[in-house]
1. Of the residues that sit in the stretch 48-97 and are assigned to a helix (DSSP H, G or I) and among the hydrophobic types (A, V, I, L, M, F, W, C), which one is surrounded by the fewest Cβ atoms within 10 Å (Cβ to Cβ)?
2. Being among the charged types (D, E, K, R), within 16 Å of the ligand (Cβ to nearest atom) and open to solvent by 10 Å² or more (accessible area, probe 1.4 Å) is the filter here; which residues of the stretch 216-230 pass it?
3. With the requirement that a residue be among the aliphatic types (A, V, I, L, M) and either within 12 Å of the ligand (Cβ to nearest atom) or at positive phi (or both), what does the stretch 149-184 give you?
4. Let me spell it out: the conditions are (1) within 16 Å of the ligand (Cβ to nearest atom); (2) in a loop (DSSP other than H, G, I, E, B), and residue 237 meets all of them except one. Which number is the exception?
5. Could you list, in sequence order, all residues of the stretch 121-172 that are part of a helix (DSSP H, G or I) and open to solvent by 30 Å² or more (accessible area, probe 1.4 Å)?
6. Here are some conditions: (1) over 22 Å from residue 95 (Cα atoms); (2) surrounded by 21 or more Cβ atoms within 10 Å (Cβ to Cβ); (3) among the β-branched types (Val, Ile, Thr). Residue 233 meets all but one. Which one does it not meet?
7. For the stretch 188-204, give me the residue count where each residue is part of a helix (DSSP H, G or I) and away from the ligand (no atom under 12 Å from the Cβ).
8. Quick one: residue 125 ticks every box in (1) at pLDDT 95 or above; (2) of a type outside the set (A, V, I, L, M, F, W, C); (3) in contact with a Phe, Trp or Tyr (Cβ under 6 Å, 6 or more places away or on another chain) except a single one, so which number is it?
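The values are calculated or read from the model by the stated rules, or taken from the named source; none is laboratory data. Remember, it's a predicted structure, so these values are computed and weren't measured experimentally. Every residue, glycine among them, receives a Cβ derived from its backbone with ideal geometry; neighbour counts consider all protein chains shown. The protein model used for the area step is the full one, side chains on, heavy atoms only, and it has no ligands, DNA or RNA in it. Shrake-Rupley method; radii C 1.70, N 1.55, O 1.52, S 1.80 Å.
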Amino acid sequence: MAVASYLPQTLQERSSDSECAITGTSSSLVKALEQHKNGVVSSQSVEGQAAEIEVTAYFHVAVFANSTEDTATNEMITAQFELLKDTYALYGINLSLGGIAREVNDTIAVLSVWNLDPTDTWITGSSPETEDYWKRTRTGSYETLHVYYYEDLIGTAAFCNIVIPDRPKSDYFLDGCHLRKNVLLGEKNAPYREYGTSLIHEVGHWFGLYHVFQGGCEGEGDYIDDTPASTVTSADGTCPLGTKDTCPDLPGTDMVNNFMDYTADPCREKFTPGQKTRMHDVFWAVRSGK
Ligand SMILES: [Zn+2]
């Protein structure tokens, strides 16, 4: 696709084979996850884990001046939020809706994901106007979830800047999840994405989850023990649970029904106990009180 030609190579590869431009190699997060495997992060968060997580979510909708009235209405955003809330409540994470804001601005309504910080892999970029938009709209703390919706998002369907430990507050404006039109609950234009699991997936990144296919059949994968190794494939509308096995030499079949896979929306329905633990550990260790 021509619009991707100016993307860094790693992002070109990601956008050509995927729909989510999450970057998977944050050195500081990987370091924290390795500590987690050794019990370091867990021991820091034992006290916090006794409580459920409370997170306030804000939605920001950016549309063109000539946008139609049915683009990401407050009713649609609220319905998407309710699905998000009900899903995460199953995993001890209580979300509340802080507000929905609309921005009518032809510059901000289109976001080009074009730049990748080579050291910590936060996706930055687009225009100075967009960075200013993020800075003036991202209220709260590192515990506050901000979801941005764009009428046009070039380079990917969605992305979320994965949580990174020890990020300075001056960089918090880069912390959020981003969706393009057509992957919101109820929007029917993106194949297999009309049931609203894209945002559930992106918020999983916000809580520190990698894709279940992270690393393919090699290495540490997603740093979670109960998600079998697999390789990335695009959604094709099927749900081959128990039969798809892209790493046949390793235990388990592909967890196609996991929210952190790329399977079609009707198939994605769960996080694992290991992923729940990871989200709680990362929240208390990295986001809480920051
Ligand atoms: Zn993703």
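1. Ranking the candidates gives 89 first.
2. none
3. If the condition is that a residue be among the aliphatic types (A, V, I, L, M) and either within 12 Å of the ligand (Cβ to nearest atom) or at positive phi (or both), then 157, 158, 162, 179, 183 are the ones that fit.
4. If we test residue 237 against (1) within 16 Å of the ligand (Cβ to nearest atom); (2) in a loop (DSSP other than H, G, I, E, B), just (1) comes out false.
5. 128, 129, 131, 132, 135, 136, 169, 170, 171
6. (2)
7. 0
8. Unmet condition: (1).
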